[in-house]
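The values are calculated or read from the model by the stated rules, or taken from the named source; none is laboratory data. Values in this document were obtained by computation on a predicted structure and should not be read as measured data. Glycine gets a Cβ as well: all are built from the backbone with ideal geometry, and neighbour counts include every protein chain shown. Accessible surface is based on the protein model in full, side chains and every heavy atom, while ligands, DNA and RNA are left aside. Shrake-Rupley method; radii C 1.70, N 1.55, O 1.52, S 1.80 Å.
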Amino acid sequence: MKDFRGKVAVITGAGSGMGRELAAQLSSLGAAVAICDWNADNLSDTLQIIEHQGGKAWSDVFDVSDYSAVDRFAAQVMERFGQVDLLINNAGIALEHQTIDQTSLEAFESIFGVNFWGVVYFTKAFLPELKKRTEAAVVNISSAFGLVGYAGQGPYVATKFAVRGFTETLRQELHRTRVNAISVHPGAIKTNIVRHIQTDNTAMKDKLVRRFDQVAKISSAEAARQIINGIRSRKKRVLIGKEAWIVDVLARLMPQRYDEFLLKAFGVD
């Protein structure tokens, strides 16, 4: 998809971070954008940014883990725009640092609802329309930790592995169509995902935020630019940041031993 002029892009989690940047940059390239987020104030800010730069956008506020809301949103998008050329499943949440045996089933269900089922719901809702276009793409945001395990973030890692597997399987199934499926694996990007963790353990959260801020060197704008370049060149996988490239190499070259490296390099305790 070399040219975004006249295209319609659907972007989840567009209230901040990479989602906001993707919406703004695609709009500046001529695409109309249909955006959603759970945070009404943040989403309103994104909408204002796009409208201020002269772009065309429509937004709705809901939880991507709500299937009925996703289904309703998809119908409204088609009614308003008449087409969808690009779907970017960006919405995602993280949990506090806990071992798997410490994590409640409710927490597992919550993060899977957003990070995985949201991807499935949106893909199922829009794929029939994407297949009608002369060129189209589904972009699913996994993570560097969709490539390797990471102690203390079992539920998050599980969802991102699931997104990766879902996307790679989808791409094979779409090989005779004009729809490309791209799996995106960001490392530490400057977003608010860690600050949005819901927890009563403020000391633990503060520690995670400080650690994340120390390693998050790539801006959301740069991450969005790399994703858009990946869409243009019909890449199958987009790795963003040195962390993603490092763990990808480790997983390929040291599948039996990368645990040792992560435990030392990332300060997992």
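Brief remarks on what is shown
- Yes/no for Val77 being surrounded by 16 or more Cβ atoms within 10 Å (Cβ to Cβ) and under 19 Å from the mean Cα position of the chain (by Cα): no
- Criterion: open to solvent by 30 Å² or more (accessible area, probe 1.4 Å) and either in a helix (DSSP H, G or I) or modelled with pLDDT under 95 (or both) - qualifying residue of Lys235, Lys205: Lys205
- Any hit, region 116-132, residues being at pLDDT 95 or above, out of contact with any Cys (no Cβ under 9 Å at 6 or more places or on another chain) and over 30 Å from Gly6 (Cβ atoms): yes
- In region 217-246, the residues that are basic (Lys, Arg) form Cβ pairs under 6 Å with partners that are open to solvent by 40 Å² or more (accessible area, probe 1.4 Å) and assigned to a loop (DSSP other than H, G, I, E, B), at six or more places apart or across chains, as follows: Arg232/Lys2.
- Close pairs (8 angstrom Cβ cut-off, 6 or more residues apart or separate chains): charged (D, E, K, R) in region 26-39, open to solvent by 10 Å² or more (accessible area, probe 1.4 Å) anywhere: Asp37/Gly13; Asp37/Ser16; Asp37/Ser59; Asp37/Val61; Asp37/Ala91
- Of note, Thr177 satisfies the criterion of being at pLDDT 90 or above, open to solvent by 20 Å² or more (accessible area, probe 1.4 Å), hydroxyl-bearing (Ser, Thr, Tyr) and outside any helix (DSSP H, G or I).
- Failed item in (1) in contact (Cβ under 8 Å) with a residue 60 or more places away in the chain; (2) β-branched (Val, Ile, Thr); (3) open to solvent by 20 Å² or more (accessible area, probe 1.4 Å), with Val8 passing the rest: (3)
- One residue stands out among those in region 80-124 that are over 21 Å from Gly154 (Cα atoms) and in a loop (DSSP other than H, G, I, E, B): the one that is farthest from the chain's Cα centre (by Cα), which is Gly82.
- Matching residues in region 50-69 - criterion: being in contact (Cβ under 8 Å) with a residue 12 or more places away in the chain, under 30 Å from Phe108 (Cα atoms) and surrounded by fewer than 23 Cβ atoms within 10 Å (Cβ to Cβ): Ser59, Asp60, Val61, Phe62, Asp63, Ser65, Tyr67
- Test: residue in region 125-133 that is closer than 23 Å to Trp245 by Cα, assigned to a helix (DSSP H, G or I) and not hydroxyl-bearing (Ser, Thr, Tyr): no
- When residues in region 11-46 are screened for being aliphatic (A, V, I, L, M) and surrounded by fewer than 20 Cβ atoms within 10 Å (Cβ to Cβ), 2 of them pass.
- Scanning region 38-61 for residues that are among the hydrophobic types (A, V, I, L, M, F, W, C) and part of a helix (DSSP H, G or I) gives Ala40, Leu43, Leu47, Ile49, Ile50.
- Taking the criterion of being without any contact (Cβ under 8 Å) to a residue 60 or more places away in the chain and either open to solvent by 20 Å² or more (accessible area, probe 1.4 Å) or in contact with a His (Cβ under 6 Å, 6 or more places away or on another chain) (or both), the residues of region 121-142 that qualify are Tyr121, Lys124, Ala125, Leu127, Pro128, Glu129, Lys131, Lys132, Arg133, Thr134, Ser142.
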